[in-house]
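Heads up: the structure comes next, in structure tokens.
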Amino acid sequence: MKVSVIMGSDSDFPIIKATVELLKQFGIDTEVNVASAHRTPEKVRELAQGAPKRGVGVFIVAAGAAAHLAGVVASYTTLPVIGVPINATPLNGMDALLSTVQMPSGIPVATMAVNGAKNAAVFAAEIFALGNDEIKEKLAAYREKMKSDVEKKSERVNAQL
């Protein structure tokens, strides 16, 4: 199984790059595409509907502004779709957040925070970990490292007192 990462514009890549890097750290294959819900709707449909043949198990979809991309992908598949709203306008990503999270009943999109690329990767890994002990162990190690990093930060702060 792999994750299909779709972004609405190449300008989203600096944010979504963290998703791809973290998925690789967990040993999860990815495919990455740029496709627009409004400019290339046929490509979006093909990516969503053809996903099972490509071994895709989860989508991570990032978009800014109107941010309809995750919802459009979700409308074409029953695979889990994780939306990452991107801060791309003077509204600081609130437009993208609301466009991503306000889905009609029956067409869910799990929505991360604005620019929440890392959490999208962790959430996808958690989904795959339900049936994969290796990913489950990597997630546990990732959490332990975060815990250790916080403890080190605490020690550094206290050393300055």
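The values are calculated or read from the model by the stated rules, or taken from the named source; none is laboratory data. Please read these numbers as outputs of a predicted model, since none were measured by experiment. Here the Cβ is made from the backbone with ideal geometry for all residues, glycine too, and neighbour counts use every protein chain on show. Keep in mind that these areas ignore ligands, DNA and RNA; they rest on the heavy atoms of the full protein, side chains included. Shrake-Rupley method; radii C 1.70, N 1.55, O 1.52, S 1.80 Å.
Can you tell me the 0 to 90 degree angle between the C-alpha axis of helix 117-129 and the longest principal axis of the chain, rounded to 10? Taking Cα atoms only, the helix is inclined about 90 degrees. For the chain, lysine pairs with C-alpha atoms less than 19 angstrom apart, excluding pairs fewer than eight positions apart on the same chain, total 21. With contributions of -39500 (n - 2.57) from each DSSP H run of at least four residues, the per-residue ellipticity at 222 nm computed over the chain stands at -15000 deg cm²/dmol. Net charge of the neighbourhood of residue 132, taken over other residues with C-beta under 14 Å away and scored Lys/Arg +1, Asp/Glu -1, is -2.
Find, among the trypsin sites (Lys or Arg not before Pro) in the stretch 1-91, those assigned to loop by DSSP (not H, G, I, E, B) with at most 14 other beta-carbon atoms within 10 angstrom. Here the trypsin sites (Lys or Arg not before Pro) that fit, given the DSSP loop and packing criteria, are 39. On a per residue basis, the convex hull of the C-alpha atoms belonging to the stretch 93-161 measures out at 113 Å³.
Compute the angle between helix 133-159 and the longest alpha-carbon principal axis of the chain, please, reported from 0 to 90 degrees and rounded to the nearest 10. It works out to around 50 degrees. Rounded to the nearest 0.05, what FRET efficiency do residue 46 and residue 144 have when you use their Cβ-Cβ distance and R0 = 41 Å? E(calc), rounded to 0.05, equals 0.55. What does the charge add up to near residue 26, with Lys and Arg as +1, Asp and Glu as -1, over the other residues with Cβ less than 11 Å from its Cβ? Local net charge: -2.
Here the chain is treated as a sphere whose radius is the Kirkwood value from Cα pairs; by Stokes-Einstein at 25 °C and 0.890 mPa s it diffuses with a coefficient of 151 µm²/s.
Spacing of the modelled spin labels on residue 92 and residue 11, each 7 Å from Cα toward Cβ, amounts to 1.9 nm. Accessible surface for the chain, divided over its residues, is 55 Å² per residue with a 1.4 Å probe. Taking the longest Cα principal axis of the chain as reference, the axis of helix 13-25 is set at about 70 degrees.
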